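> One structure, pasted below without further comment.
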Amino acid sequence: MDIYAIFIEVIILKEFGLERQITTMRGIMDIMSKLEISASDIMQDLAIRFFDNRCFVTHEKFQKRGFVIHHLKYIDEDRKRETFPKGEKGRLEYLKALKPMVEAQPFRFMLLKNSMHTKLDHFRNGLCRMKRENVNRLVVAYLLTDKKKTIKKIKSYKKIRRRK
């Protein structure tokens with residue numbers, strides 16, 4: 001970025017009341033760093049435009065922390081998060097690489113709370129790591145299980161026991 005562009009930005013910043021000590025180059029760099037986009041901003045943009053601003057599973061409204069974009073299907077040229085550095089800087093680089101993919105094919109992704117993503121795709125215990133037929137049986141077992149009636153029976157048993 002050349003010096004003229006920096007001074008034009010400084011003039012614009014003055015008009016919006018974001019003026020700091022802009023007489024030094026350090027002051028200019030401080031202001032410019034505040035204008036840079038963050039990983040949370042990219043996530044929020046994608047959440048609003050493509051994912052109805054909520055988790056697919058829980059329907060909880062998007063928050064700047066605790067949400068991930070889940071790949072439904074990887075294609076060979078897709079970049080995985082593990083190939084980027086750890087931390088906020090790596091997260092930002094990853095989301096910058098992911099954004100064009102989501103914009104081009106949003107049906108390949110979904111927005112999930114991190115806890116739901118862990119249940120789905122945990123490296124040891126995630127549902128995606130299980131055989132498909134085992135997941136089907138697990139879902140059937142879940143649907144057949146009715147914990148509410150069991151809890152009521154236990155409470156009524158305690159009442160009967162107290163009466164004696």
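> Please list the non-local residues whose amide H lies under 5 Å from the amide H of R54, H modeled 1.01 Å from N, same-chain partners needing a gap of 5 or more.
Residues meeting the criterion, in which the H sits 1.01 Å from N, are F62.
> Ok, one more. By how many nm would the segment from K80 to K131 lengthen if fully extended, with 0.36 nm per residue of separation less the alpha-carbon distance? Walk me through the numbers before you get to the answer.
Working: separation 51, 0.36 × 51 = 18.36 nm, distance 2.25 nm.
Length difference between fully extended and current span is 16.1 nm.
> So, R0 is 35 Å and r is the distance between the beta-carbons of F50 and K148; what FRET efficiency does that work out to, to 0.05?
The calculated FRET efficiency here is 0.45.
> Would you please give the residues with an amide H less than 5 Å from that of F67, counting only those at least 5 places away or on a separate chain, with H modeled from the backbone geometry?
N114
> Past 23 Å, Cα to Cα: identify those pairs from K73/K131; K96/K119; K64/K86; K89/K119; K61/K86; K86/K113, in the order given.
The answer is K96/K119; K89/K119; K61/K86.
> Fewest Cβ neighbours within 10 Å first, please rank S40, S115 accordingly.
Values: S40 16, S115 13.
The most exposed by this proxy come first: S115, S40.
> Going by how many other Cβ atoms sit within 10 Å of their own, how do V68, V135, V140, V57 line up, fewest first?
Placing the least packed residue first, the sequence is V140, V135, V57, V68.
Just so you know, all these numbers are worked out from the coordinates, no wet-lab data involved. Every value quoted in this text rests on a predicted model; they were computed, and no experiment measured them. Cβ sites come from the backbone with ideal geometry, for glycine too, and all protein chains shown count toward neighbours.
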